[in-house]
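Quick notes on the structure that follows.
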Amino acid sequence: MALIVREADLGPRKELGRGGFAVVSLLSQYQLPELPGRALVYKKYKDKIRPVSVFGLSQLVDLRHGWEPARRQQLDAAFNWPVRVVTDDGPGASGVLLPLLDPSYFVRMTDSYGGVHENPAEGQYLTATRDWCTQRGVPFPTLEQRYALCYSLVRAVGMLHKAEVVYGDLSHKNYLYRLTPKLSVTLVDCDSMRPRGQTSVLGGLQPHTPDWEPPEALAAKRRNDGIGFAAQNYHTDRYKLGLAILRILAMDVPRAAEKRDPDLVRRHLPPHLFRLLQASLTAPPAQRPDARTWFEEMRR
Amino acid sequence: MTEMLVLPFYVVADVSYSMTMKPPAVDGVAALRPIDAANEIVKKVKIALENSPLLGDKVRFAMLDFSDDAQVVIPMCDLTKVDPSQIPQLQARGGTSYVAALQLLKRQIPIDVGQLKADGHKVHRPAVFFLTDGEPTDPDHEWKASFADLTDSSFKERPNFIPFGVAEAKKELLDQLVYPQQRMRSFVQRTGEDPSAAITSMAEKLVGSIIASANSIQSDGMGGTFILPDDDDGDVWL
Ligand SMILES: Nc1ncnc2c1ncn2[C@@H]1O[C@H](COP(=O)(O)OP(=O)(O)OP(=O)(O)O)[C@@H](O)[C@H]1O
């Protein structure tokens, strides 16, 4: 499949933001036939992380392309999935094309000088205290809203694992949330996901965000086992899903973003879900509940 | 309660009179005086910290200025807790004594680190972002001795030191103010560029460094390091 495009063919672009590894720009004229009217961005990798494997990225892009349209639509809503691999004259891939994030996934906040910012609504804001939110004019979601966001996250991870892809570096910076028009989350930074049986093209850069390491990764680190530390699989995704749920539901707890103790939210969860959370965070890796189980139990 | 690791950042700003020189207007837009650009640094850092609930707790910030003498302008603090109206502005005065700045740092750092520890924190090695627009007015051997003293391995809290030079500052000289030499670097403006624009770029580097460093911290204090951002805008700096 020829899901690779040349950077030179992308036309004009305008920088939107930059991260540690990439510069993201809006393509003002470039469109894809199967996504009519959908604005696209070009995420271009910085030289320091190149070469990035064209083959590896193509696996992800091709996988998406192979789904039937209804399924693809569902996954596209839950993931900022790469739609093309981009190459230039340099080695490997120069980057990927991604759908532009929907404005509903941005949150407006006011700084102490009165300046207004539109930031991607990263999950980190769900771990902020009520005071923090009030000072900045950021909505502080109710427990019901948080519950719905967890449900959406559970559903996303479930779909992903069903598609046999490991997310990898789940963290409060890698999913965005919105309260309207529909309570939901969407996962970003999807170019480092890995189809099962493959290695991640970018996963070596940061296998686990600090404070998101599963216990087996921390144990590996203590033994100086770098490979064990870096392992990302369904089990590590399940642990991080549990952590995300804990931290989203903690609600107005200072430094919720660092917490790992399920007891913190015992009062916010019915017993059958509390048991799932406990198992996610304390059971041996192979016994952590999968997203499908969460999904079914949350619907009960 | 586990101890929280905090990262202390210092901005040390040159406030010699030359920092108030107005550069020529570009395309009819009046350029900022370097000192005004320097005053914006604090605001940028504060806003970046305010924008994330994960950062404020992990970062401490202080600003010192220097001319013929040096002083603490903003004492080591959690900037997110300070009201903007309380933040003092830099004022220009006199010459350019690196010795005054370096000696003040040597006195101030142990005091600040001691205070943070007394408040129950683990404290990372501080990082100093040093801004100057010219050559020191002290004799060479004197500022060299002060720098050696500040970064001597017997000084436990010796800081990472990243010098930024604008306007008349010289690369050869500022390269001697890098510590540690292998891991840090100097940033010196290319000749003919607007010093204020370079100071704005320095602020971005500082913010990038603060965010990347704070994000590398684990709450158990096991991990975390000072990260210097890479040079994305290679056209600004030598
Ligand atoms: N699909 C998108 N639509 C709009 N903006 C985007 C999109 N993807 C990324 N961005 C913007 O670009 C910025 C940088 O992107 P991103 O965080 O993915 O880069 P990165 O180098 O992988 O980041 P990090 O250093 O956080 O790992 C983001 O903060 C975001 O504001």
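The table below lists the values:
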item	result
Segment A:Asn233-A:Asp89, extension gain: residue separation times 0.36 nm, minus the distance between their alpha carbons	48.5 nm
Given 13 as the ceiling on other Cβ atoms within 10 Å, longest exposed-site-free region of chain A for GluC sites (Glu not before Pro) in DSSP loops	A:165-300
Peptides A:88-98, A:105-115 ordered by average Cβ neighbours within 10 Å, highest first	A:88-98, A:105-115
Spherically averaged projected area of chain A from its Cα convex hull (nm²)	16.5 nm²
Rounded D (µm²/s) - the stretch B:5-215, Kirkwood Rh over Cα pairs, Stokes-Einstein at 37 °C, 0.692 mPa s	190 µm²/s
Per-pair calculated FRET efficiency, R0 = 60 Å: B:Met21 and B:Lys122 via Cβ, rounded to 0.05	0.90
Nearest-10 value in Å² for the accessible area of A:Lys43, using the 1.4 Å probe	20 Å²
Tail weight of P(r) past 41 Å, computed on alpha-carbon pairs of the protein assembly as shown, percent	27 percent
Summed side-chain charge close to B:Trp143 - residues other than B:Trp143 whose Cβ falls under 12 Å, Lys, Arg +1, Asp, Glu -1	-4
In Hz, Karplus ³J(HN,Hα) per residue of the stretch B:4-16 (6.51, -1.76, 1.60; θ = phi - 60°; x = Gly, Pro)	8, 7, 10, 10, x, 10, 10, 10, 10, 10, 5, 10, 4
Residue-span extension gain [A:Thr180 to A:Gln278] - 0.36 nm each, minus C-alpha spacing	32.2 nm
Contour minus Cα-Cα distance for A:Arg6 and A:Arg222 (0.36 nm per residue)	73.4 nm
Accessible area expressed per residue, the stretch A:216-285, with surrounding protein chains retained (probe 1.4 Å, Å²)	44 Å²
Per-residue HN-Hα couplings for the stretch A:134-140 [Karplus 6.51, -1.76, 1.60; θ = phi - 60°; Hz; x = Gly/Pro]	4, 4, 9, x, 8, x, 9
Sparse-neighbourhood loop sites, trypsin sites (Lys or Arg not before Pro) in the stretch A:114-198 - DSSP loop, at most 16 other Cβ within 10 angstrom	A:Lys182, A:Arg196
Total accessible area lost when A and B pair, probe 1.4 Å, Å² to nearest 100	2100 Å²
The stretch B:125-196: trypsin sites (Lys or Arg not before Pro) in DSSP coil with no more than 15 other Cβ atoms inside 10 Å	B:Lys156, B:Lys170, B:Arg183, B:Arg185, B:Arg190
Proximal charge balance of A:Trp294 [Cβ under 12 Å; K/R count +1, D/E count -1]	+3
Spin-label pair A:Lys48/A:Gln29, simplified geometry with 7 Å Cα→Cβ offset, distance in nm	3.4 nm
Descending semi-axes in Å of the stretch A:124-222, equivalent ellipsoid built from Cα gyration tensor	28, 18, 11
Partners for A:Lys43 among aspartates and glutamates (Cα-Cα distance below 12 Å; same-chain residues under 8 apart left out)	A:Glu7, A:Glu15, A:Asp189, A:Asp191
Pairwise FRET efficiency - A:Thr142 versus B:Asp140, Cβ, R0 = 45 Å, nearest 0.05	0.10
Estimated vicinal HN-Hα couplings, Hz - the stretch B:130-141 in sequence order (Karplus 6.51, -1.76, 1.60; Gly, Pro = x)	9, 10, 9, 10, x, 8, x, 8, 7, x, 3, 5
Set B:Lys58/B:Lys156; B:Lys46/B:Lys122; A:Lys182/B:Lys44 screened for pairs whose C-alpha atoms are more than 25 Å apart	A:Lys182/B:Lys44
FRET efficiency estimate (nearest 0.05) - Cβ-Cβ, B:Asp230 to A:Glu164, R0 30 angstrom	0.30
Peptide A:114-125, shielding by other chains (average Cβ, 10 Å cutoff)	2
GNM result for chain A, Cα springs below 10 Å: residue of A:Gly123, A:Gly56, A:Gly197 fluctuating most strongly	A:Gly197
Separation of alpha-carbon centers, the stretch A:246-300 and the stretch A:1-68, rounded to whole Å	35 Å
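The values are calculated or read from the model by the stated rules, or taken from the named source; none is laboratory data. The model shown is predicted, which means the values in this text are computed figures rather than measured ones. Note: ideal-geometry Cβ built from the backbone for every residue, glycine included; neighbour counts use all protein chains shown. Side chains are part of the model used for accessible areas, which takes the heavy atoms of the whole protein and leaves out ligands, DNA and RNA. Shrake-Rupley method; radii C 1.70, N 1.55, O 1.52, S 1.80 Å.
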